[in-house]
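The values are calculated or read from the model by the stated rules, or taken from the named source; none is laboratory data. Since the model is a prediction, treat every value here as computed from it, not as a measurement. Methodologically, a virtual Cβ is constructed for each residue, glycine included, from the backbone with ideal geometry; neighbour enumeration extends over all protein chains shown.
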Amino acid sequence: MKPIDTRSQFYDIWNVYWPIALAVFLIILGAIVFFGLRYRARSHSPEIPRGRDENEVLEAAYAIGLACVAAFLVFLTFSHMPGSTDAEATGKPLEVKVTGARWNWRFEYPEYGVVEQGSQDHVPVLRVPVDTQVDFEGRSIDVIHSFWIPHQRFKRDVFPSFPNRWEMVFSKVETEPGGGACAEFCGLEHWDMIFNVLVMRQAAFERWAEGASAGAQGAGGTAA
Amino acid sequence: MSTTSPRPAAVPLRPPIGSRRRATLLEVLSSTDHKRIGLLTMVTAFCWFLVGGAMAMTMRAELAKPGLQFLSDHTYNELFTMHGSTMFYLFAVPVVLGVGLYFVPLQLGAARLLWPRLALGGYWLTLAGGLVMYAGFLTKNGAPEFGWTAFFPLSDAGTSPGIGPDFWVLGVILATLGSTLQAVSLLGTLVRLRAPGMTMLRMPLFAWSELVTVFMVITGFPVLLVGMTLLYLERQGVAIYSSAPHGSITYQHLFWFYGHPVVYIVFFPLVGVVGETIATLSRRRFFGFKVTVISLLLFSAISMSVWGHHMFTTNQVSNKYFSLTSTILLVPAGIEYFGFLATMAGGRIRFASPMLFAIGFVLLFLIGGLTGIMVASPPLDYHVHDSYFVVAHFHYTLFGGTVFGLLTAIHYWFPKVTGRLLDEPLAKTYFVLIFTGALLTFLPMFFLGSEGMPRRVADYLPLHHWTLLNTLSTIGAFTIFAGFLTFLVNVMRSLRLGVPAGPDPWEGQTLDWATPSPPPRHNFAALPPVRSHTPLFDLREEGRDPLRELGLEPEPREVPA
């Protein structure tokens, strides 16, 4: 069973929500324009129009209708929110430890002993294999940051004093590094706290990870 | 029967009644007259709005193009922090309470506020809070740079050092305490000082909307006072939030338990104003009054259980619970909208300036409301949270709701407060400017946010077509700015040269129109019988002239066609 990636989860809901929102907006706009033209005062007569100002049956029916809309939206949302980790994903999930720090990111692959760290003049790259569940464990070393990958339509806050865990699946190979950013305001260079995302074929990812791992060990880096 | 015009320009009227002697500043600042306290609160809040607006203009100018042109990131961060803080703590909350302090006693047929000194003291505290908060700019490290939310640990003494942030915390405490006291005075007035015959369900819509607002203030504000006091202690070295791993989450709970109700607090009273404006200018009673009152109560009750939707991306709250409570709000909100539209249907609508701003409110707030239902769905919020999408969303609720609601209130009640009418052609001009400006400024932000631009950024990469969207947004902001300049011209001009309004220029339905404009010190010489929430309208419906019966208009009205 393939886990659902956050991007398609987003669009499954979004594609229902936005047409409803647009329709409601247009209906209300249309009603205002129509009533405005139809019931515009054409003379200065102080005559008071006759008409009901209460219709409890209509209002109750309308309220029930609204409640049904709310129930539908809540049902749609809940049906796209898995209750717990989807353990049946393809293969073994990849573990990545994310650390946010003012104002950079570090990605750690404990299985390979590889660390990718950003610096003043290096935008860090998050490399992940396609169609594989990635289990993230996020932390911060100072204030709250938020790990956001707009293309995946997902973000998660990371905190200094406890770890946050989440899963993602990247379902499209990206050859050009695309953007990730910090979404939670964290101080002076918050706007520049970005990272790149590279979604690789599984074999290419393995090659990169093995190579980086060997390089790290050869250079006397931390072993896995 | 005489005829009337929506703009009774040529009606011979007495000059506005008021004290012959100009009140001294001390008298203005120490009066226990609810009208002076209310006006003082509103005018002060509006001055803060201009300050906060100037900051917004500065930020929009900087963001027009990528790259840092004339602001440093340090200054930018100070500006957005103080923009948000000013707009919430010093403008929006005080102004909706100020409108209540002025007009609730008038709508209730009361001569005064209950506990006016509490309300006056509240004004002083809020003013002091604002001055203390702004004193941060004079300190070495400047004003704080942690947003109006001051999340912990960004706001701790190590990360945000200096006395400026301390001033900010104290300022928030003072301002919020002041607003709470004003709300208590309003609550007492609403419960104790209603005119003979005015049962709870005969209170006008605006009075009801202030009552439910006061409930939310009294429930939510003390929690912020506690949260901020603890933050102050934490900054002085007492381990409070830092004493446990989830202290930063505790701070967010305390903050948003205040912070979500507050966004309803700053627009609820204006729902009442807009409802009454639409009813009055459509010459109808507000449609479904009782159901609307119930929906306001329901809305305020649920609003105390939705704060966690600000914390979906923390993964530390029950996302499904808060998604459910937040989405359910569409039911009472939908009922209120039904009332707006059904009141227009079958009416005789006069498109005077208050009506235009009311329609602006209905349309712009609708954008905020509909996108609000979207962000109540956690999988959608996981993407748009803390992005420019959310900035657009809440500006449609706050600018579309609070500011357009306030402009409705100003155009509806300016004749009551000053005795003079605002100039209508000028009002229509800046209605167009501010309304189109609001669309042009905030609509591009939805796209920027969806494409990945985070909020609270001094700069952005020259990617995609972000530059174009940001430039459009800046042009929109300056359109709004031009609109407000025109508005100020109209207010200044009409204060001196405006056409005398008479007691009731719109043929109002509620008791605030059953007194001269401006109302005398004790408000009413006589009151009509109160048999519903629209006492003046009841008399007109019976073919009687309430003003003549109350001895307010000796001359029969003569009106040009």
Here the residues within region B:430-489 that are in a helix (DSSP H, G or I), over 26 Å from the mean Cα position of the chain (by Cα) and under 23 Å from A:Arg7 (Cα atoms) are B:Phe447, B:Leu448, B:Ser450, B:Trp466
Within region B:300-322, is there a residue that is at the interface with chain A (Cβ under 7 Å from one of its Cβ atoms), touching a Phe, Trp or Tyr at 6+ places or on another chain (Cβ under 7 Å), more than 30 Å from A:Arg42 (Cβ to Cβ) and charged (D, E, K, R)? yes
Matching residues, region B:340-354, being within 9 Å of chain A (Cβ to nearest Cβ) and assigned to a helix (DSSP H, G or I): B:Phe340, B:Leu341, B:Ala342, B:Thr343, B:Met344
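With A:Leu76, A:Leu94, A:Leu22, A:Leu37 as the choices, which residue is closer than 30 Å to A:Ile141 by Cα and more than 7 Å from every other protein chain (Cβ to nearest Cβ)? Full working, then the answer.
On the way: A:Leu76 fails: closer than 30 Å to A:Ile141 by Cα; A:Leu22 fails: closer than 30 Å to A:Ile141 by Cα; A:Leu37 fails: closer than 30 Å to A:Ile141 by Cα.
One residue alone meets the criteria, A:Leu94.
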Need a quick list: strands (runs of 3 or more DSSP E) entirely within region A:139-204 having at least 1 residues that are more than 9 Å from chain B (Cβ to nearest Cβ) and acidic (Asp, Glu). A:164-169
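Only one of B:Met355, B:Met344, B:Met311 is over 23 Å from the mean Cα position of the chain (by Cα) and under 30 Å from B:Pro425 (Cα atoms); which? Talk me through it step by step, then tell me what you get.
On the way: B:Met355 fails: over 23 Å from the mean Cα position of the chain (by Cα); B:Met311 fails: under 30 Å from B:Pro425 (Cα atoms).
Of B:Met355, B:Met344, B:Met311, the one residue that is over 23 Å from the mean Cα position of the chain (by Cα) and under 30 Å from B:Pro425 (Cα atoms) is B:Met344.
Is there a residue being in contact (Cβ under 8 Å) with a residue 12 or more places away in the chain, of a type in the set (S, T, N, Q) and in contact with a Phe, Trp or Tyr (Cβ under 7 Å, 6 or more places away or on another chain) anywhere in region B:515-524? Give the steps one after another, and end with the answer.
Kept after step one, since they are in contact (Cβ under 8 Å) with a residue 12 or more places away in the chain, are these residues of region B:515-524: B:515-524.
Restricting the remaining residues to those that are of a type in the set (S, T, N, Q) gives B:515, B:517, B:523.
In the following step, the residues that additionally are in contact with a Phe, Trp or Tyr (Cβ under 7 Å, 6 or more places away or on another chain) were identified as B:515.
For region B:515-524, residues in contact (Cβ under 8 Å) with a residue 12 or more places away in the chain, of a type in the set (S, T, N, Q) and in contact with a Phe, Trp or Tyr (Cβ under 7 Å, 6 or more places away or on another chain): present.
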Out of all the residues in region B:293-323, which are within 26 Å of B:Gly272 (Cα to Cα) and out of contact with any Pro (no Cβ under 9 Å at 6 or more places or on another chain)? B:Val293, B:Ala301, B:Ser305
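For region B:356-374, which residues satisfy the criterion of being under 27 Å from B:Leu422 (Cβ atoms) and within 9 Å of another protein chain (Cβ to nearest Cβ)? Steps first, please.
Initially, region B:356-374 is screened for residues under 27 Å from B:Leu422 (Cβ atoms), giving B:356-368.
B:Ile359, B:Val362, B:Leu363, B:Leu366, B:Ile367, listed by residue number.
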Criterion (part of a loop (DSSP other than H, G, I, E, B), surrounded by 22 or more Cβ atoms within 10 Å (Cβ to Cβ) and of a type in the set (Gly, Ala, Ser)) met by exactly one of B:Ser179, B:Ser185, B:Ser155: B:Ser155
Residue list for region A:111-151, filter: touching a residue at least 60 places away in the same chain (Cβ under 8 Å) and of a type in the set (S, T, N, Q): A:Thr132, A:Gln133
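Regarding B:Asp386, is this residue at positive phi and touching a residue at least 40 places away in the same chain (Cβ under 8 Å)?
On the way: at positive phi: yes; touching a residue at least 40 places away in the same chain (Cβ under 8 Å): yes.
When the stated conditions are applied, B:Asp386 passes them.
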Scanning region B:58-78 for residues that are loosely packed, with under 15 Cβ neighbours inside 10 Å and assigned to a helix (DSSP H, G or I) gives B:His74
Only residues in region B:226-250 that are under 14 Å from B:Ile173 (Cβ atoms) and more than 10 Å from chain A (Cβ to nearest Cβ) count as the first member; pair them with residues that are among the small types (Gly, Ala, Ser) and part of a helix (DSSP H, G or I), Cβ under 7 angstrom, at least 6 apart or cross-chain, and list the lot. B:Glu234/B:Ser242
Restricting the first residue to region B:286-297 and requiring it to be under 15 Å from B:Ile328 (Cβ atoms) and facing another protein chain (nearest Cβ under 9 Å), which pairs with a second residue that is part of a helix (DSSP H, G or I) and of a type in the set (Val, Ile, Thr) meet a Cβ separation below 6 Å and a spacing of at least six or different chains? B:Ser295/B:Ile335
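So, B:Ala501, is that one modelled with pLDDT under 95, closer than 23 Å to B:Gly275 by Cα and surrounded by 22 or more Cβ atoms within 10 Å (Cβ to Cβ) or not?
Working: modelled with pLDDT under 95: yes; closer than 23 Å to B:Gly275 by Cα: yes; surrounded by 22 or more Cβ atoms within 10 Å (Cβ to Cβ): yes.
Criteria met by B:Ala501.
Free of Cβ contacts under 8 Å to residues at least 24 places away in the same chain and either hydrophobic (A, V, I, L, M, F, W, C) or not in a helix (DSSP H, G or I) (or both) - does that describe any residue in region B:254-270?
Let us first name the residues in region B:254-270 that are free of Cβ contacts under 8 Å to residues at least 24 places away in the same chain, namely none.
Scanning region B:254-270 turns up no residue that is free of Cβ contacts under 8 Å to residues at least 24 places away in the same chain and either hydrophobic (A, V, I, L, M, F, W, C) or not in a helix (DSSP H, G or I) (or both).
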